[in-house]
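The values are calculated or read from the model by the stated rules, or taken from the named source; none is laboratory data. Computed from a prediction, not measured in an experiment: that's the story for all the values here. FYI the Cβ positions are ideal-geometry reconstructions off the backbone, even for glycines, and counts take in every protein chain you see. In case anyone asks, the SASA skips ligands and DNA or RNA and just uses the protein heavy atoms, side chains included. Shrake-Rupley method; radii C 1.70, N 1.55, O 1.52, S 1.80 Å.
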Amino acid sequence: MKILLIEDNTTIASQIIEFLSSHQCQVDYAANGKLGIELALNQIFDVILLDLNLPDIDGLQVCQAIKSQASVNPPILMLTARDSFDDKSAGFHQGADDYLTKPVDLRELVLRCQALARRNTLHQSQVIELGPLELDITSQTARRDGQSLTLTSVGFQLLTLLAQSHPQPVARSLIMHKIWGDSPPDSDALKSHIYSLRQALDKPFAYPMLKTVMNLGYRLELPQ
């Protein structure tokens, strides 16, 4: 799982990161709400762990911002010392998917992250429609302007990531992690797959949808 932890207490953050990393999780970290929102809106995470008592922005506002602006809706687990019913009610009303009060058993935290990631995958639409592009996740087929696209397995995964993230770009590092996990090939292999995807997605058509974002990665752009 790829997890974003938004937590200002560095001691707690270090404990969580170390424990999650030992359970095959990749953890990105933000010590304040502003950075947390920025990371959440520019990358795709399986789960976001969010503290409410942040130094710059209240965690409830962070949750609302992510839920209202993220192109791919991430499950958010609020992890906080606020333990009253009113606090929990406010958290769920701002879009939280789960709520744990500190101190937390880290074994339970892992189980809840796994459950949230699983539930989110099950609830995702199996058909993505994006302008002239249509992806069927179940059959792993793609069409543009009604014309079938001939894609490799990796090409379909690439296109799905880009479509789910639209209009935000997807970083090369995230693509490598999502497709190849902890055993990524060299960067030339990714370039080769991007080239093949361009040949299938764009070459037969007047408008190229696959764009390179300098020093970051790639994104899809809809025809005007």
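Conditions first: (1) open to solvent by 50 Å² or more (accessible area, probe 1.4 Å); (2) touching a strand residue (DSSP E or B) at 6+ places or on another chain (Cβ under 6 Å); (3) over 28 Å from residue 97 (Cα atoms). Residue 204 passes all but one, so which condition is the exception?
Here residue 204 meets the rest and fails (2).
Restricting the search to region 45-61, which residues are surrounded by 21 or more Cβ atoms within 10 Å (Cβ to Cβ) and either within 16 Å of the chain's Cα centre (by Cα) or under 23 Å from residue 172 (Cβ atoms) (or both)?
Scanning region 45-61 gives 45, 47, 48, 49, 50.
If you scan region 55-83, which residues turn out to be assigned to a helix (DSSP H, G or I) and polar (S, T, N, Q)? Step through it out loud before you land on a result.
First pass over region 55-83, keeping only residues assigned to a helix (DSSP H, G or I): 59-69.
Hits for region 55-83 are 61, 64, 68, 69.
Could you list, in sequence order, all residues of region 149-163 that are outside any loop (DSSP other than H, G, I, E, B) and either among the aliphatic types (A, V, I, L, M) or in contact with a strand residue (DSSP E or B) (Cβ under 7 Å, 6 or more places away or on another chain) (or both)?
Result: 154, 156, 158, 159, 160, 161, 162, 163.
Which condition does residue 97 not pass, out of (1) touching a residue at least 40 places away in the same chain (Cβ under 8 Å); (2) over 23 Å from residue 14 (Cβ atoms); (3) open to solvent by less than 70 Å² (accessible area, probe 1.4 Å), if it passes all the others?
Of the numbered conditions (1) touching a residue at least 40 places away in the same chain (Cβ under 8 Å); (2) over 23 Å from residue 14 (Cβ atoms); (3) open to solvent by less than 70 Å² (accessible area, probe 1.4 Å), the odd one out for residue 97 is (1).
Would it be correct to say that residue 186 is farther than 21 Å from residue 142 by Cα and either among the charged types (D, E, K, R) or buried (at least 16 other Cβ atoms within 10 Å of the Cβ) (or both)? Spell out the reasoning first.
Values: farther than 21 Å from residue 142 by Cα: yes; either among the charged types (D, E, K, R) or buried (at least 16 other Cβ atoms within 10 Å of the Cβ) (or both): yes.
Here the answer is yes, as residue 186 does meet what is asked.
Residue 27 passes all but one of (1) crowded, with 22+ Cβ neighbours inside 10 Å; (2) among the hydrophobic types (A, V, I, L, M, F, W, C); (3) assigned to a strand (DSSP E or B); which number fails?
(1)
Among the listed residues 68, 21, 14, identify the single one that is more than 25 Å from residue 175 (Cα to Cα) and polar (S, T, N, Q).
Going through 68, 21, 14 in turn, the sole match is 14.
Taking only region 30-62 into account, find how many residues are without any contact (Cβ under 8 Å) to a residue 24 or more places away in the chain and either in contact with a Cys (Cβ under 8 Å, 6 or more places away or on another chain) or among the acidic types (Asp, Glu) (or both).
1
Of all residues in region 195-224, which are over 21 Å from residue 134 (Cβ atoms) and either under 21 Å from the mean Cα position of the chain (by Cα) or of a type in the set (Gly, Ala, Ser) (or both)?
212, 213, 214, 215, 216, 217
Report every pair of residues separated by at least 6 positions or lying on different chains whose Cβ atoms are under 8 Å apart, first residue within region 8-24 and under 13 Å from residue 51 (Cβ atoms), second surrounded by 14 or more Cβ atoms within 10 Å (Cβ to Cβ) and β-branched (Val, Ile, Thr).
Short answer, once both residue conditions are applied: 16/27.
What single numbered condition from (1) open to solvent by 50 Å² or more (accessible area, probe 1.4 Å); (2) in contact (Cβ under 8 Å) with a residue 60 or more places away in the chain fails to hold for residue 119?
Here residue 119 meets the rest and fails (2).
Does region 164-179 hold any residues that are surrounded by fewer than 17 Cβ atoms within 10 Å (Cβ to Cβ) and either in a loop (DSSP other than H, G, I, E, B) or more than 16 Å from the chain's Cα centre (by Cα) (or both), and which are they?
Within region 164-179, 167 is the sole residue that qualifies.
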